[in-house]
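First the structure, in the form of structure tokens, and then the observations on it.
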Amino acid sequence: MRVIRNIKTLQTTLAKLRAKGKSIGFVPTMGYFHEGHLSLMRQAKKQHDICVVSVYVNPKQFGPKEDLSRYPRDFKRDSSLMVKENVDICFFASDNDIYPNGYLTYIDVNKISDVLCGAYRPNHFQGVATIVAKLLNMVGPSTMYLGAKDAQQVVVLKRMVVDLNFPVKVVVGATIREADGLALSSRNVFLSPLERAQAVVISKALFAAKESIAKGERKAKNVIAIMQRMISKASLAKIQYIACVDAQQLTPLTTLQGDVLLALAVYFGKTRLIDNVVVKINGSKKIKN
Ligand code: AMP
């Protein structure tokens with residue numbers, strides 16, 4: 001695996017590979033890998049000649065009171081995991097290179113960035129859209145791999161790719177979970193043993209809500225109430241939001257129909273966890289999540 005730390009080198013290296021007819025699969029990450037990240041790398045490697053992974057904790061997507069400085073980092077461990085997955089190129093970027101002095105350009109994907117997580121994390125999706133647009137310009141992949149775990153991020157980035165005519169296909173990998181259902185997240189390391197034990201309630205609530213829809217429930221408020229009731233029983237859980245929205249538009253639903261996204265954010269101590277499931281209504285089978 002080649003580690004490249006410089007944008008120019010990355011661009012010239014990848015331009016040469018593209019000129020030779022090599023296809024590039026790209027996985028943008030903030031590092032501190034778990035199986036969720038690795039599953040995306042595996043897909044990229046399987047479907048492309050060259051797998052490129054970026055490791056960059058993007059300061060622009062963290063709010064002033066968020067966990068940028070304590071976000072977990074371990075590049076040595078990440079490197080050996082990437083080598084095991086046969087990643088070809090790792091772009092390990094530095095803040096100075098990505099946002100040099102005088103940086104002024106940002107991308108706003110309107111409306112869908114302001115709801116769900118965006119309502120509580122102003123500018124978060126502006127930061128995400130901006131870094132991913134820059135990385136797409138640097139890497140020039142034919143496919144970008146994203147995880148379903150970050151459902152709103154997927155919707156925002158798919159919109160940006162269409163609106164700004166990036167010549168890239170977006171592939172969404174299923175959410176990878178612990179055996180008990182907790183969605184893998186780099187932030188899970190912050191959970192105390194008791195918080196970790198209770199955090200299982202998040203996925204349990206989502207699966208129970210999904211089950212209620214499978215059994216015929218069509219009122220969003222009843223589905224939300226099921227999740228609220230279950231999560232409130234965990235003494236350490238603080239619900240930020242629980243939502244039932246259209247999976248493409250992210251608009252709230254009253255009566256469930258079409259592709260429904262059940263999404264939530266819950267704090268355990270200082271650790272904010274998000275998770276979601278998508279349920280397809282109208283007789284067709286449910287979307288894998
Ligand atoms: P991050 O390093 O948290 O920015 O995540 C990098 C990529 O991995 C994003 O596309 C995430 O959606 C994806 N990802 C994070 N957690 C999971 C998971 N549990 N299952 C699948 N993909 C994930």
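Roughly speaking, what is the centre-to-centre gap between the stretch 255-271 and the stretch 149-193 when only Cα atoms are used, to the nearest Å?
14 Å
Tell me, Phe75, Phe33, Phe62 in order of fewest to most beta-carbon neighbours within 10 Å? It would help to have the intermediate numbers written out before the result.
Numbers: Phe75 14, Phe33 23, Phe62 17.
Listing Phe75, Phe33, Phe62 from fewest to most nearby Cβ atoms yields Phe75, Phe62, Phe33.
Over the Cα atoms of the stretch 57-159, what radius of gyration and what Dmax do you get, in Å?
14.7, 40
What is the Cα coordinate range of the stretch 170-216 on the first, second and third principal axes, sorted by size from largest, in whole angstrom?
In descending order, the Cα extents are 37, 32, 14 Å.
Rounding to the nearest 10 and keeping the result within 0 to 90°, find how far the Cα-based axis of helix 151-163 lies from the longest principal axis of the chain.
In the chain, helix 151-163 runs at an angle near 50 degrees to the longest axis.
Under 14 Å from a point placed 7 Å out from the Cα of Ser94 along the Cα-to-Cβ direction: which residues of the stretch 2-24 have their backbone N that close?
Zone members listed by number: 4-9.
For the chain, take the longest principal axis of its alpha carbons; what is the angle in degrees between that and the long axis of helix 75-84, to the nearest 10 within 0 to 90?
90 degrees
Out of every Cα-Cα pair in the chain, what percent are more than 25 Å apart?
49 percent
Counting other C-beta atoms within 10 Å, which of Thr9, Thr105 has the fewest, and how do the rest follow?
Ascending Cβ contact count within 10 Å gives the list Thr105, Thr9.
Sort all Cα-Cα distances of the stretch 1-46 into consecutive 10 angstrom bins from zero, then give the percent of pairs in each bin up to the one containing the longest distance.
Histogram of Cα-Cα distances, whole percents per bin: 22, 48, 29, 2.
For n ≥ 4 DSSP H runs only, could you compute -39500 (n - 2.57) per run for the chain, divide by its residues and tell me the 222 nm figure to the nearest 500?
After summing the helix terms and dividing by the residues of the chain, the value is -11500 deg cm²/dmol.
What is the order of Ser203, Ser54, Ser80, fewest Cβ neighbours within 10 Å to most?
Numbers: Ser203 20, Ser54 25, Ser80 13.
Fewest-to-most Cβ neighbours within 10 Å comes out as Ser80, Ser203, Ser54.
Which of the peptides 168-180, 131-143 is most tightly packed, and how do the rest follow, judged by the mean count of other Cβ atoms within 10 Å per residue?
131-143, 168-180
Taken together, the values in this text are just the output of simple stated rules run on the coordinates, not laboratory data. Here the structure is a predicted model, which is why all the values come from computation and not from measurement. Virtual Cβ from ideal backbone geometry, glycine too; neighbours counted across all protein chains shown.
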